[in-house]
1. If I model a spin label as a point 7 Å beyond the Cα along the Cα-Cβ vector, how far apart are those points for R460 and V212 in nm?
2. Based on Cβ point charges of +1 for Lys and Arg and -1 for Asp and Glu, what charge dipole magnitude is obtained for the range 63-217 about its Cα centre, in debye rounded to the nearest 20?
3. So, with +1 on the Cβ of K and R and -1 on the Cβ of D and E, and no other charges, what is the size of the charge dipole of the range 469-550 about its Cα centre, to the nearest 20 debye?
4. Give the cross-link partners of K400 among the aspartates and glutamates, using a straight C-alpha distance below 14 Å as the criterion and excluding same-chain residues fewer than 8 apart.
5. Ratio of Rg to Rh for the range 146-255, alpha carbon only, Kirkwood?
6. In whole Å, what is the distance between the alpha-carbon centres of the range 16-60 and the range 315-373?
7. Roughly to the nearest percent, how much of the accessible area of the chain is carbon and sulfur, given a 1.4 Å probe?
8. Write down the Å³ per residue value for the convex hull defined by the alpha carbon atoms of the chain.
Amino acid sequence: MTTATPPPVAPAGDHHDMAIALFAVVVVVTLGITLWVGRQGNAAEDFYAGGRDFTPLQNGFALSGDYLSAASFLGVAGLIALYGYDGVLYSIGFLVAWLVVLMLVAELVRNAGRYTLADVLALRLRHRKVRAAAGGASVMVTLLYLVAQMVGAGSLVALLLGTGSPHARTWTIVAVGALMIVYVTIGGMRATTWIQIVKAFLLTAGSVLLTVLLLVRFHGDVFELMRQAADHSGAGARYLEPGLKYGATLTSRLDFFSLGLALVLGTAGLPHILSRFYTVPTARAARRSTMWAIGLVGGFYLMAIVLGLGATALVGSAEVRHANSAGNTAVPLLALVLGGGNGSTGGAVLFALISAIAFATILAVVAGLTLASSAAFAHDIWAGAWRGRPRTRRGRIVEKPSEQQEVVVARFAAAGIGAAAIVISLFAQQLNVAFLVGLAFAVAASSNLPVLLYSLFWSRFTARGAVWSVYGGLLPAITLVFFSPVVSGSKEALFPGIDFHWFPLENPGIISIPLGFLAGWIGTLTSAEPADADRFAELEVRALTGAGAA
């Protein structure tokens, strides 16, 4: 019979020191990779697409590394530890989303684009307003995602230091922000990809290790694991049934449906995922990369379910919530117990190892996100929209910026976006990281996915429809979040002391995603300029055959 009470506590603090030492090793290794790879090429294709010479297996690991973020390793397991069945449902949305990517996006985006989402749109909609809208939406999505990763880093290091001090979290967020700026400005996509590959391997190996140890502890009896989890959840049998978090009221059911819609549709609109398809040489390689990613991500989420149940069974929901109200530290606490408990050598080693892997996860994902957002700003907004045409200045013609100038601007943009992410993260430290990622998915599904699908598959789609589609999904999503319980009106809100919310749901996807599609349709029907049939034909041929692809 397994209990939720760890072994007797011996001297405290050993596992904290070891974990911090491993953190330092992770930082040194990733910086070494960045410096080594960053010297291999400075061309725009190297910075944005890593030279397009990664194999499907390598890119599959990198895709899963980009996707398996702090929300996956910390947030999803934490939600399962606190809410059981409802947390499991949350993880399903992350996995199902890859089927949309595989069937509708991967090969077509690789053939039709060059570096960013806006490149796909610009192939047939050659208007600067379209590039500006798509680039701005991409920056917004990646910024929300960055905040989630940095909040996860703050929670993790606070646990490692054995303190709930806000100063520890603050300095952690600042340090992670500084590191991600270094990764992007020096290494670009090539270094970021290798960091993702290493991180994905470590994350998978760590998850397998914990899962095996947990199943051995319960002698392979998954049903006993579930019974113990229910016993130590504080909710009894309700822990294994739907409704503990999302099903109690009609509002919570709608919120869960909204969240599921955002997760399933949002992946295909995430800028840092779309940019991964440009790092392989062909569309076939992009499809095979996606299939590798589906296998890796699927296996990981199966293990995340087991680990969430294990955290409840061996640590207890109350202890998980006490360590972090959002459950973000459930997996490191489980590792400590599986290794022998607080004060044991095995517990200290396993706790330190898993925490270091989680920290590597955060560092790798923030690098990919920062690169995607800086590319959107430099390539789409600055070079494509603002400086997209030759112009006259003081009697002389100023040509369009070169790709090398773009790269310089992208490096500066990485610093600015990193600073903005740091500031926002300092106000969002008590929010569950999986929930924060859900918001990013909702914005991506509302603004990026409609315009991408319309552009690829609707011959009548126009530039006005594209602009309306992006803003018609983006602005409602941001507005509804601002007036939701996430920002005010609850103890876990960004501003818990005030209440100006009127939108009852935490995730806006159920409203903002249909609005994005509707706005694109209305904008196209009311457009004075008809669609260019020749440009759509060019897009269709390139997307389906790869003829003329970069």
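1. Going by the 7 Å Cα→Cβ label model, 5.9 nm.
2. Numbers: 11 positive and 4 negative charges, 120 e Å.
That gives the range 63-217 a dipole magnitude of about 580 debye.
3. That gives a dipole near 180 debye.
4. Once the sequence-local aspartates and glutamates are set aside, what remains near K400 is D380.
5. 1.10
6. 22 Å
7. 67 percent
8. For the chain, the hull spanned by Cα atoms encloses 144 Å³ per residue.
The values are calculated or read from the model by the stated rules, or taken from the named source; none is laboratory data. Note that the structure is a prediction, hence the values are computed from the model and not measured. Positions of Cβ are generated from backbone atoms using ideal geometry, with glycine treated the same way; all protein chains shown enter the neighbour counts. Note: areas computed on protein heavy atoms with side chains; ligands, DNA, RNA excluded. Shrake-Rupley method; radii C 1.70, N 1.55, O 1.52, S 1.80 Å.
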